[in-house]
1. Please determine, by comparing only the residues of the range 216-232 that are in contact (Cβ under 8 Å) with a residue 24 or more places away in the chain and more than 21 Å from the chain's Cα centre (by Cα), which one is least open to solvent (accessible area, probe 1.4 Å).
2. Working only within the range 193-210, note down all residues that are open to solvent by 30 Å² or more (accessible area, probe 1.4 Å) and either of a type in the set (V, I, T) or in contact with a strand residue (DSSP E or B) (Cβ under 6 Å, 6 or more places away or on another chain) (or both).
3. Only one residue in S184, S213 is within 19 Å of the chain's Cα centre (by Cα), open to solvent by 10 Å² or more (accessible area, probe 1.4 Å) and among the hydroxyl-bearing types (S, T, Y), so which one is that?
4. Please find, within the range 91-123, the residue that is nearest to G343 (Cα to Cα) out of those that are under 15 Å from the mean Cα position of the chain (by Cα), buried (at least 19 other Cβ atoms within 10 Å of the Cβ) and not β-branched (V, I, T).
5. Output the helices (runs of 4 or more DSSP H) that fall wholly within the range 290-400 and possess 1 or more residues being crowded, with 21+ Cβ neighbours inside 10 Å and not hydrophobic (A, V, I, L, M, F, W, C), or say none.
6. What do you reckon, is L274 touching a residue at least 12 places away in the same chain (Cβ under 8 Å), under 27 Å from the mean Cα position of the chain (by Cα) and part of a helix (DSSP H, G or I)?
7. Considering only the range 245-264, I want to know if a residue exists there that is acidic (D, E) and either farther than 28 Å from D164 by Cα or buried (at least 20 other Cβ atoms within 10 Å of the Cβ) (or both).
8. What do you reckon, is T128 of a type outside the set (G, A, S) and surrounded by 19 or more Cβ atoms within 10 Å (Cβ to Cβ)?
Amino acid sequence: MRRPASRLVLLCLVCGFCSLLYAITHRGSRSTEAQEPAAASSALWRGIGRDQRHRYNPPEKHELDLDPMHLAVVACGDRLEETITMLKSALLFSIKPLKFHIFAEDQLHSDFSTRLNSWRFSEKFEYTLYPITFPSDNAAEWRKLFKPCASQRLFLPLILKDVDSLLYVDTDILFLRPVDDIWSFLNEFNSTQIAAMAPEHEEPRIGWYNRFSRHPYYGKTGINSGVMLMNMTRIRKKHFKNDMTTVHLHWGEMLMPLLKKYKLNITWGDQDLLNIIFSHNPESLYVFPCQWNYRPDHCIYGSNCNGAEDGIFILHGNRGVYHDNKQPAFRAVYEALHNFSFGDDISQSLLRPLELELQKTEHTYCGRIHKLFTKQLIKSIDDYYTRQSNETHSWNKGWW
């Protein structure tokens, strides 16, 4: 009887030791979980560098299983760097994976592939390169409309036939919030709305369309097409009212007749055509606020985008302001994102240099409100690390 008793005592000792080890480890894990979120957040605001929590990391696997968001851009001439910077800003904070549809001149395809293939986290995005193509009967006329290649965007619903919804942006767009935020507007469309854009101006006294336009335009001040969210399935199905015939026309049937009628009266090319289309079909447009397409016009003569008091969500550096000295606040944001590399400390390598440069722009109207340029960016950084911290804690809990 002694041998079984000794074995029982030994077994009890082993079980007790394992229980004690588990309790100590679990207590330490719970203590870390309670302390790390606050530590990560406070470290971000202090600008402490070199902490792995501050580096860009691709999303977790469960995020990559979500349906991708489709983003299209048209790049010609010297717009390679500008487009790459835009795509970088789109990837930086977005949660769901992205599918890029890049329409570019043939000589740019190799450079795009080289740059995008060098980004390590290819599981977060995929891309397809397309040539610049217009209907063969009128290709030359479409190419010379406004800037080279710009009118390509009008044909996206006809080219990307398998894409249900799409966000089109100009090359000079910078995302200061996740793409997911503007993508969510698709869920707010009512049954008649097929696209979303922002007004061209908030202040009619400085508006272009209401003062100079020689053609119909949407609303009081027109719309800007630099950021255009589309339900392309609805666009392809819709019959559009127009001022050319009493018959309602499909999208593809309408474009060339519109160009022929108004080509001597349009200044801004394809954007003018979109204004004409939605002036006759106002029920089809969802209008989002100016902070989703914030341009120099919103601050050049004083702040006139009320929604931007909560910060700028999408920056639009039209008229080449990223590359000259006319609007140094806009250029500072572009340079900060252009110089940032994935893997760098976001606070040290992006936010802090940007804040320092913006302080140098206070002699301009836009520079005087430079905190609006970083307000949403700071929130995006904070949200990003909160997600990273929560995912780490979830993984640790699952492990134990």
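The values are calculated or read from the model by the stated rules, or taken from the named source; none is laboratory data. From a predicted model like this one, the values you see are computed outputs, not experimental measurements. Using ideal geometry, Cβ is built from the backbone for each residue, glycine included, and neighbour counts are taken over all protein chains shown. Side chains included, ligands, DNA and RNA excluded: accessible areas come from the protein's heavy atoms. Shrake-Rupley method; radii C 1.70, N 1.55, O 1.52, S 1.80 Å.
1. In this case the residue turns out to be G222.
2. I206
3. Checking each option against the conditions leaves just S184.
4. Taking the candidates together, the pick is L92.
5. Passing ranges, in order: 328-339, 371-399.
6. So L274 passes the test.
7. Checked the range 245-264: no residue is acidic (D, E) and either farther than 28 Å from D164 by Cα or buried (at least 20 other Cβ atoms within 10 Å of the Cβ) (or both).
8. Criteria not met by T128.
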